[in-house]
Amino acid sequence: MMRGQIALSGAVCVVGLLVLTGAFALPDQAGYSTVGPAVVPKIVGMALIAVGAMLIHEVMRGGFRNHDEKAERELGMDWVAFARISAGIVLYGGLIEHAGFVVSSWVLFLCTAKGFGCNRWLRNGGIALVMAIVIYLIFNRGLGLNLPAGVLKGLM
Amino acid sequence: MDAWHFLAQGFQVALAPNNLLWALVGAMFGTAVGVLPGIGPAVAIALLLPLTAKLDPSGALIMFAGIYYGAMFGGSTTSILLNTPGESATIVTALEGNQMAKRGRAGAALGTSAIGSFVAGTLATVLLTMLAPQVIDIAIKFGPPEYFALMMLAFTTVSAVLGESTLRGMVALLIGLAIGLVGIENQSGQARYVFGIPQLADGIEVVTIAVGLFAVGETLYVASKLNRVTETMERIRGSVFMTLDDWRRSWKPWLRGTLIGFPFGAMPAGGAEIPTFLSYATEKKLSDNADEFGKGAIEGVAGPEAANNAAATGTMVPLLTLGLPTSATAAILLVAFQQYGLQPGPLLFETNAALVWGLIASFYVGNVMLLVLNLPLIGLWVKLLAIPRPLLYAAILVLATMGVYGMRQSAFDVFLLYVIGCLGFLMRRYSFPTAPVIVGMILGPLAEEQLRRSLAISEGSPQIFFTRPLAASILALTLALLVGPWIWKQLNKKRASVPAVA
């Protein structure tokens, strides 16, 4: 019933374990420096495992303290909305270097608006296009930043 | 050191036309991000960090500081009219201010919070002006062990003392410290946790973390959990300039709120929530209208609003004099200093006096600008709240991804942004504080450096932390703050159980 909390606490322990094993793989050049590059990573790794274990202990004794799990559950969870926005960001990452800034921003805007349940595609598409082009022009022409033109290379 | 003399010189910097312009831009931008849900001062400053390459340090820092305290002014507007606290420091305002708005007193609520913010911001800046030279006189004698001890204290207060849960705060801090470890360690040149990915060798950018945790995480949370909740916006009724009676009831809470808020910010404690709750409790106790509390008492808005503004200004004391950030936004301001190769601390007051005092002087100027922006022009900002949610969050994500990608033209950063966004979602879902992540990732590498220097002085002996009285007492205080509450609870438990047995 507290599966989420247990999983999250376990994940903290796993991250700690990863940090710790990574720290042992680092060479400890204590010879010419009193605090080698592995010292702090080891402390952080061990501390993460410790707080993760304490979190598990807390969950076993009734769940995270001062956290209203019931209220969170009552809010529900709209995974479709989550997936739509996720798709928007991941698509942006995949598209940006090929299709360019304007196209990928346009896709992200539409995915996010849809994620919030908005179906006015024509209006949203128009706003997204104008916004992306204006930002592109401001940054590339005005501030000398290099946002990729992508497929619109000849046009912009 | 004569503070007022330096301050006068600072005004010459702050009142230069271009710096006035940057203060105005910062104040306006800050008010806007404060009013808008889904984006806060930390994200706004992080997204604007690339501008440091184009602007001179005073202009950029004056603008960033304007965003910081501008957001404090703007945040209260949203709390009062929408009852959704824009920031955790405005929870109390959301409670009491929204009640006032529901009873047709929105104008007075907005008025008392804007004027209270101005009074508190200005008085807190006066306190900052007087306190900074004193702190510097002490700080100049600090060595690496003292700085290390102070950083441990800041870690503890930021994550453990001022939150809902010490444990979850510590988790957040350690996640931040772990993120700060990624990249090439500057002492040995050793790559840590890079996994052969070239983008990780340079370290993870604070922009990606701040924008991911706050903007992307918030967007995912609102879309998947809060989108069915419809908000009703209260209309502004009544004058924002308040009646004589409102003034009479507000002025004392403003002053008390300032006195409660400033020390919380100025001690390396950070967090503006606790002083707002304290101020609220104080006002309720002292008020002749205690029965009005919970139903829209003006004192319950005036006090906490002053407290959170004073606390925000107070965080400038440890940031400027010690280089110690105690909030997410202060941590990002520290990064802005670092972009210029500047390290806040006692030395900066000597080497860059014009810059630091110019910045402090700009707080006075900015507060006046914000008063004008938030009283006569309040109607303008309220219009921002009419932007439909889908469009607002879509635009926020477009700006967020642009800022993260544009930093070094790397698609990898966009994917990393998404991962951090999911982390931000989980942290919000399970009530983890996010500010310690940012403070941890920024302050972590600095603390490691101070630890190394300390042990270099003592030739490897950790005794140096116990034999130097100041370092030892700060570390003792840190330990007391960390385990004290727990021991206290165990003792009380025992005491409570003894009579039960007898």
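Between B:L481 and A:N140, the simple spin-label model (points 7 angstrom out along Cα→Cβ) gives 4.9 nm.
Under 5 Å from the amide H of B:R192 lie the amide H atoms of B:G183, B:I184, B:E185, each residue being 5 or more positions distant or on a separate chain, with H modelled from the backbone and absent for Pro and chain starts. Mean residue ellipticity, 222 nm, helices only, the protein assembly as shown: the sum of -39500 (n - 2.57) across DSSP H runs of n ≥ 4, divided by residue count and rounded to 500, is -23000 deg cm²/dmol. Placing a label point 7 Å from the Cα of A:F24 along the Cα-to-Cβ direction, the residues of the stretch A:39-63 whose backbone N falls under 18 Å from that point are A:39-50.
For chain B, lysine pairs separated by 8 or more sequence positions, or belonging to different chains, with Cα-Cα distances below 28 Å total 15. Note on B:405-413: average number of Cβ atoms from other chains within 10 Å of each residue's Cβ is 4. Among the residues of A:110-119, the average count of other protein chain beta-carbon atoms within 10 Å of the residue beta-carbon is 6.
3J(HN,Hα) along the stretch B:194-209, derived from phi through the Karplus expression 6.51 cos²θ - 1.76 cosθ + 1.60 where θ = phi - 60°, amounts to 9, 6, x, 8, x, 5, 7, 4, 7, x, 8, 6, 5, 4, 4, 5 Hz, with x in place of Gly and Pro.
On average over all directions, what projected area in square nanometres does the stretch B:152-195 have, based on the convex hull of its Cα atoms? Mean projected area of the Cα convex hull: 3.7 nm². Only Cα pairs under 8 Å and 6+ residues apart enter the sum, and on that basis the relative contact order of the stretch A:3-113 stands at 23 percent.
Computed over neighbours whose Cβ is under 15 Å from that of B:Q199, the net charge equals -2, Lys and Arg +1, Asp and Glu -1. Once divided by 2.2 N^0.38 Å, the Cα radius of gyration of the stretch B:77-138 becomes 1.48.
Summing charges over neighbours of B:T112, with a neighbour being any other residue whose Cβ is under 11 Å away from its Cβ, gives -2 when K and R count +1 and D and E count -1.
Were the residues from B:A53 through B:N492 laid out at 0.36 nm apart, the gain over their Cα-Cα distance would be 152.5 nm. Taking θ as phi - 60° and the Karplus parameters 6.51, -1.76 and 1.60, the scalar couplings of the stretch B:39-54 work out to 9, x, x, 4, 5, 4, 5, 4, 5, 8, 3, x, 4, 4, 6, 9 Hz in sequence order, x denoting glycine and proline. Based on C-alpha pairs under 8 angstrom that are at least 6 apart in sequence, chain B has a relative contact order of 28 percent. Each of A:D68 and B:R103 was given a label point 7 Å from its Cα along the Cα-to-Cβ line. The distance between the two points is 2.3 nm.
Which one, A:A71, A:S104, A:A87, projects farthest toward the positive side of the charge dipole computed for chain A from Cβ point charges (K/R +1, D/E -1)? After comparing all options, I get A:S104. Loop sites here are trypsin sites (Lys or Arg not before Pro) outside DSSP states H, G, I, E and B with no more than 16 other Cβ atoms within 10 Å. The longest part of chain B free of them is B:296-502. Note that the stretch B:359-372 has calculated 3J(HN,Hα) couplings of 5, 5, 4, 5, 5, 4, 5, x, 5, 5, 4, 5, 4, 5 Hz, one per residue in order, obtained from phi through the Karplus relation 6.51 cos²θ - 1.76 cosθ + 1.60 (θ = phi - 60°); glycine and proline are x.
Over the Cα atoms of the stretch B:244-324, the radius of gyration divided by the Kirkwood radius equals 1.07; this is the Rg/Rh ratio. Across the alpha-carbon atoms of the stretch B:70-204, the computed radius of gyration and Dmax are 21.5, 64 angstrom. Cα convex hull of the stretch A:15-156: mean projected area in nm², to one decimal? Approximately 15.4 nm², given one-decimal rounding.
Legend: calculated FRET efficiency, B:E350 to B:H5, from the Cβ-Cβ distance at R0 = 25 Å, rounded to 0.05, equals 0.95.
Across the stretch B:219-360, the volume of the C-alpha convex hull divided among the residues equals 168 Å³ per residue.
The alpha-carbon positions of chain B define a convex hull whose volume is 172 Å³ per residue. Only Cα pairs under 8 Å and at least 6 apart count here; give the relative contact order of the stretch B:153-241 as a rounded whole percent. With pairs under 8 Å counted, the relative contact order is 15 percent. Quotient of the Cα radius of gyration of the protein assembly as shown and 2.2 N^0.38 Å, N being its number of residues: 0.95.
Projected label points at B:T84 and A:V130, each 7 Å from Cα along the beta carbon direction, are separated by 2.4 nanometres. Between B:T230 and B:I138, the contour length at 0.36 nm per residue exceeds the alpha carbon distance by 27.9 nm.
FYI, it's all coordinate maths here, none of it is from the lab. Quick caveat, the model's predicted, so the values are computed rather than measured. Every residue, glycine among them, receives a Cβ derived from its backbone with ideal geometry; neighbour counts consider all protein chains shown.
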